[in-house]
Amino acid sequence: MKFLVMGAGGIGGIVAAGLHEAGRDVLAFTTNGAIAEAVRQNGFRLRGAERSRAVRGRITTAPPEGPFDVVVLCTQPPQVEEAAAMASRALAEGGVMICLQNGLCEARVARVVGAHRTLGAVVTWGAAMPEPGVYDRTARGGFALGSMSAASQPSLEPVARALAAVAPVELTSNLAGRRWSKLAINAAISSLGTIGGDRVGALMRHAFVRRLALEVMTEAARVARAEGVALERVSGLDLDWLALGEHEARGSASPSLAAKHALLLGVGIRYRRMRSSMLAAIERGRPPAVDFLNGEITQRAAAHGIAAGLNAAVSRAVWAIARNEMSPGTAALRSLFDASQAKR
């Protein structure tokens, strides 16, 4: 099997390096010349809990020429359709594409190459690229791999074996349930992390940040249920349980609400080194992916007549930061919290 990894940021670089170390035929593509030059000179430099090492691999900034059996889409969500269209010209007959993006990107890719050629992998580990060609794994985890249609299911096993060189792989028959749960988590953790401008561990120490996260995820869970999605656990988090009940939403203290805060404190400890990739994208001058997270929730909520005012406010705040109209920080999160409580 020949692999093409589209995108060489934190996730893409580690995926390309892992596949290469496993002896796979893999080419990475990036539009960033500094990343390509750094990898050509020094390899993919991996750091983290495992031993630090440099993995020599192939990378290009030129439109890739195939055929490739598997295309792994590792761009930010705003670039996923463009990346899928470019890679589709190099996709082998019978080849498949795998979405690693956060959000609900499989449907977008399926419109480019067909549902029968589209797989999705929910990523529950973290990565960062602090400088071109240097990759830190910031949190442990694996992949939940599923298909868009029955026609692409035969590809799951061989793709799972390949991705296992990067992180543990679990096959799922409910990709939508995993995707929506991860969407809710990202809409809280990544977007609030962008507004807060700090790592997850530091932000989750604040009770008002945890409350914002719970309310963001509650709105997302309501929309998912309206869409007919059966939510599934992701990273040990049960979104059906985390979603605030009526008395909890009113702010009433209860053992269950205390347990939910405690769980988010644990999330902060587990992912304490993780920093929002959306904030990193803004810092590199790229558009934030918030429209694919909180914006997606807000849009679908409107279609079902469901209130999602906090997700809408989070989207506006992230775009204000991207346009340099607001500075990230805990003060920005506090203002968001105060405004949300005033509307209750």
Query raised in the report: Residues in the range 114-143 near a label at Ser52, defined as backbone nitrogen under 14 Å from the 7 Å Cα→Cβ point?
Result: 130-131, 134-137
Report task. Name the residues whose placed amide hydrogens come within less than 5 Å of the amide hydrogen of Val5, ignoring near sequence neighbours (fewer than 5 apart) on the same chain. Result -> Leu27, Ala28, Phe29, Val72
Query raised in the report: Add -39500 (n - 2.57) for each DSSP H run of 4 or more in the chain, then divide by its residues: what number comes out at 222 nm, to the nearest 500 deg cm²/dmol?
Result: -14000 deg cm²/dmol
Report task. Using only alpha carbons, build the gyration tensor for the chain and give me the equivalent ellipsoid semi-axes, biggest first, whole Å. Result -> 33, 22, 18
Query - Stretchable slack from Ala85 to Ala207, in nm (0.36 nm times residue separation minus alpha-carbon distance) - result: 39.6 nm
Report task. Compute the signed sum of charges (Lys and Arg +1, Asp and Glu -1) over the other residues within less than 12 Å, Cβ to Cβ, of Asp69. Result -> +1
Query - Efficiency of FRET from Cβ geometry, His116 and Arg161, R₀ 25 Å, rounded to 0.05 - result: 0.75
Query raised in the report: For the chain, modelled as a Gaussian network with Cα springs under 10 Å, which listed residue fluctuates most, Ser315, Ser155, Ser191?
Result: Ser155
Query raised in the report: Where the convex hull is taken over the Cα atoms of the range 99-252, what is its projected area averaged over directions, in nm²?
Result: 10.6
Query - Modelled FRET efficiency - R0 25 Å, Lys2 with Arg284, Cβ distances, 0.05 increments - result: 0.25
Query raised in the report: So between Ala62 and Lys343, what do we pick up on full extension, going 0.36 nm a residue minus the alpha carbon distance?
Result: 96.1 nm
Query raised in the report: Percent relative contact order of the range 177-342, based on C-alpha pairs within less than 8 angstrom and at least six residues apart?
Result: 35
**Report entry** Relative contact order (%) - the chain, alpha-carbon pairs under 8 angstrom, separation at least six
**Finding:** 15
Query raised in the report: How big is the range 177-342 on each of its three principal axes, counting only the C-alpha atoms and giving the largest first in Å?
Result: 38, 34, 32
Query raised in the report: Per 10 Å bin, what percent of the C-alpha pairs of the range 2-173 does each bin hold, from zero upward?
Result: 11, 43, 37, 8, 0
Requested in this report: Round to the nearest 0.05 the FRET efficiency obtained for Ala151 and His304 when R0 = 35 Å and r is the Cβ-Cβ distance.
Outcome: 0.75
Requested in this report: Identify all lysines with a Cα-Cα distance to Lys182 below 22 Å; exclude those on the same chain that are fewer than 8 residues away in sequence.
Outcome: Lys260
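Readers should treat all values here as calculations from the given coordinates under stated rules, not as data from a laboratory. Here the structure is a predicted model, which is why all the values come from computation and not from measurement. Every residue, glycine among them, receives a Cβ derived from its backbone with ideal geometry; neighbour counts consider all protein chains shown.
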